[in-house]
Amino acid sequence: MFVLKDEVRTARKFYHCDASEMWRSYGPPENELTADERLVLDGVKADKWKIRPGQRYRCLVFRDGRELVTQRARLDMDNLCQEHDLYDDA
């Protein structure tokens, strides 16, 4: 994996949140979360797991083999995924 861009941007439209998808697939059960983590998760669920216009998000562009990949993640979900080691550090 070769990272081309890693920056924080402000959304101008709705985006799919890749960190939310990672959390929904591999995150720990809700009963193992702290109160603060549950609060963040409730807000993300209220937004239907999406990045809203005007919201800050992390945009990561990298090359995976010959494929160019763009990942977008809400900052709160990105932090949760990093705290729980859900990202592959390839």
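Details
- Tilt relative to the chain, helix 35-46 - C-alpha long axis, 0 to 90 degrees, to 10: 70 degrees
- With both labels modelled 7 Å from their Cα along Cα-to-Cβ, the residue 83 to residue 48 distance reads 2.7 nm.
- Remark: relative contact order (the chain) = 44 percent; criterion is Cα-Cα distance under 8 angstrom and separation of 6 or more residues.
- When each of the peptides 73-79, 44-50 is scored by how many other beta carbons lie within 10 Å of its residues on average, the order from highest to lowest is 73-79, 44-50.
- Unit charges on C-beta of K, R, D, E only; dipole of the chain, Debye: 780 debye
- Scattering profile of the stretch 31-73 at q = 0.17, 0.24, 0.29 Å⁻¹ [log10 I(q)/I(0), Debye over alpha-carbon scatterers]: -0.66, -0.86, -1.00
- Normalised size of the stretch 1-44, defined as Cα radius of gyration per 2.2 N^0.38 Å with N residues, equals 1.48.
- Each principal axis of the stretch 13-86 carries a Cα extent, and these read 41, 27, 15 Å when sorted largest first.
- A straight chain from residue 61 to residue 10 at 0.36 nm per residue would run longer than the Cα-Cα distance by 16.8 nm.
Only the coordinates and a few stated rules stand behind these numbers; no lab work does. Remember, it's a predicted structure, so these values are computed and weren't measured experimentally. No Cβ is skipped: glycine too gets one built from the backbone with ideal geometry, and neighbour counts run over all protein chains shown.
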